[in-house]
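To start, the structure under review is shown below, and the notes come after it.
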Amino acid sequence: MLRQVAEGVLVHESEFCQSNAVVVHGRAGVLLIDPGVQGDELACLANDLSDSGQTVVAGFSTHPHWDHLLWHPGLGAAPRYGTARCAATARDRLSGGVDAVAKAAGIPEEVPLDLLGLITGLPAETTQIPWDGPGVRIIEHQAHAPGHAALLIEKRGVLVAGDMLSDVLIPMLDLNGTVDPIEDYLAALRLLEGVAG
């Protein structure tokens with residue numbers, strides 16, 4: 001179920017790793033960030049939005065880990081975005097096929113993978129999500145995953161950190177091709193702290 005965390009911003013917490021799907025209300029519909037994990041959760045989210053008369057007009061994946069690249073047909077065919085590096089990494093990882101990714105990552109069978117990773121990379125200089133709603137600033141950094149982005153919904157005072165901050169998980173560093181993953185993570189935390197202030 002969706003719960004409101006700020007005016008026009010709702011969250012659905014997944015039972016899987018307690019990750020959050022975030023819904024931001026705009027003028028013509030909603031922006032959906034990291035939509036969820038389990039198939040029944042994605043279907044529930046799609047039904048909740050439909051039942052409340054809301055249409056998804058844009059989606060955003062904060063980073064290229066499989067559990068942030070999912071989608072459900074009931075959410076519609078809205079454009080789905082990520083940073084340019086996030087989208088390129090998702091394409092590379094999926095180049096061997098979805099089944100190979102599912103096997104390598106140990107993705108549970110109840111996760112729908114038909115629409116996995118179908119995101120468009122935004123140009124590197126993009127600082128705002130292109131949609132008809134409150135400004136959502138893109139804060140790209142190099143921690144946790146390639147092309148990771150936190151999102152600041154400025155007028156609502158909400159920061160979507162996308163796995164960077166957790167009450168239950170230890171920090172997960174991006175160890176693929178980085179020179180100093182600990183410093184990258186600390187730099188990203190400093191960046192988020194500065195934005196949150």
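The values are calculated or read from the model by the stated rules, or taken from the named source; none is laboratory data. From a predicted model like this one, the values you see are computed outputs, not experimental measurements. Here Cβ is always computed from backbone atoms with ideal geometry, including for glycine, and neighbour counts include all displayed protein chains. Note: areas computed on protein heavy atoms with side chains; ligands, DNA, RNA excluded. Shrake-Rupley method; radii C 1.70, N 1.55, O 1.52, S 1.80 Å.
Among the candidates P64, P79, the residue that is of a type outside the set (S, T, N, Q) and either at pLDDT 95 or above or exposed (fewer than 13 other Cβ atoms within 10 Å of the Cβ) (or both) is uniquely P79. Here's a check for you: in the range 115-131, which residue that is open to solvent by 70 Å² or more (accessible area, probe 1.4 Å) and modelled with pLDDT under 95 is nearest to R85 (Cα to Cα)? Among residues in the range 115-131 that are open to solvent by 70 Å² or more (accessible area, probe 1.4 Å) and modelled with pLDDT under 95, the one nearest to R85 (Cα to Cα) is A124.
For the range 165-196, the set of residues classified as assigned to a loop (DSSP other than H, G, I, E, B) and over 19 Å from Q18 (Cβ atoms) consists of L173, D174, L175, N176, G177, T178, V179, D180, listed by residue number. Taking the range 1-18 as the range and being within 18 Å of G133 (Cα to Cα), open to solvent by 50 Å² or more (accessible area, probe 1.4 Å) and touching a residue at least 12 places away in the same chain (Cβ under 8 Å) as the test, the residues that pass are V5, E7. Residues in the range 162-175 that are in contact with a Pro (Cβ under 8 Å, 6 or more places away or on another chain) and open to solvent by 100 Å² or more (accessible area, probe 1.4 Å): L175 only.
With A21, A28, A58, A46 as the choices, which residue is farther than 25 Å from H144 by Cα and open to solvent by less than 20 Å² (accessible area, probe 1.4 Å)?
A46
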